[in-house]
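Step one of this worksheet: look at the structure below.
A short reminder: the numbers here are calculations on the coordinates, not readings from a lab. Predicted model, so just to flag it, every value in this text is computed and none were measured. Cβ placement follows ideal geometry from the backbone for every residue including glycine, while neighbour counts extend to all protein chains displayed.
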Amino acid sequence: MPLEITGLSPMLKVSNLAQTIKFYTQTLGFTVQNQMNDDSGKPSWCALKWGVASLMFYSAESLDQPPGPSAMTGVVYFNPADVRALWEHLRDRAEVAWPVLEMPYGMLEFSIFDCNGYILSFGQEV
């Protein structure tokens, strides 16, 4: 198909980008693929990767678009190879939104909050 999409990287606004980078790299295991800093040396944008998952974040101080506090009316959903093992790794490292549950739609999943209040869900087919 000539109009093929080769990736998807949601870009989310955060109030403290340094704290976000620390949470995603140290708690979840993402790596920093790229980062830009403002004139004072503070991070203003970053691209993070964990396996095939990629996310970008930008500082509300550097770009307040859309205006207002960081917010999303959705969930960032990941598909780990072993959701139970990941649950055991994360359950005491982040605020839990809901524990591992077998959902009626055939997924075993759990959710946590990141340091910005965004909901991160992790699911695997049963």
Check your understanding: Restricting to the chain, what percent of DSSP beta bridges are antiparallel, rounded to 5?
Key -> 75
Practice item. Work out the charge dipole of the chain with +1 on the Cβ of Lys and Arg and -1 on the Cβ of Asp and Glu about the Cα centre, then indicate which of 43, 99, 11 is farthest towards its positive end. Key: 43
Point to revise | For the chain, size of Cβ-based charge dipole, Lys and Arg +1, Asp and Glu -1, in debye | key: 160
Practice item. Could you state, as a whole-number percent, how many of the C-alpha pairs of the stretch 63-112 are farther apart than 14 Å? Key: 62
Check your understanding: Pulled fully out, how much extra length does the chain show between residue 113 and residue 25, if you take 0.36 nm times their separation in residues and subtract their Cα-Cα distance?
Key -> 30.2 nm
**Study point:** Where a label projected 7 Å from the Cα of residue 35 along Cα→Cβ would reach, residues of the stretch 45-68 with amide N under 20 Å
**Key:** 45-51, 53-63
Revision key, fill the gap. Helix-only [θ] at 222 nm, the chain, -39500 (n - 2.57) per DSSP H run of 4+, per residue, nearest 500, equals -3000 deg cm²/dmol
Check your understanding: Quick one: length gained pulling residue 77 to residue 65 fully straight, 0.36 nm per residue minus the C-alpha distance?
Key -> 2.0 nm
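What does the convex hull of the alpha-carbon atoms of the chain project to on average, in nm²?
Working: hull surface 38.2 nm².
Taking the Cα atoms of the chain, their convex hull projects to 9.6 nm² on average.
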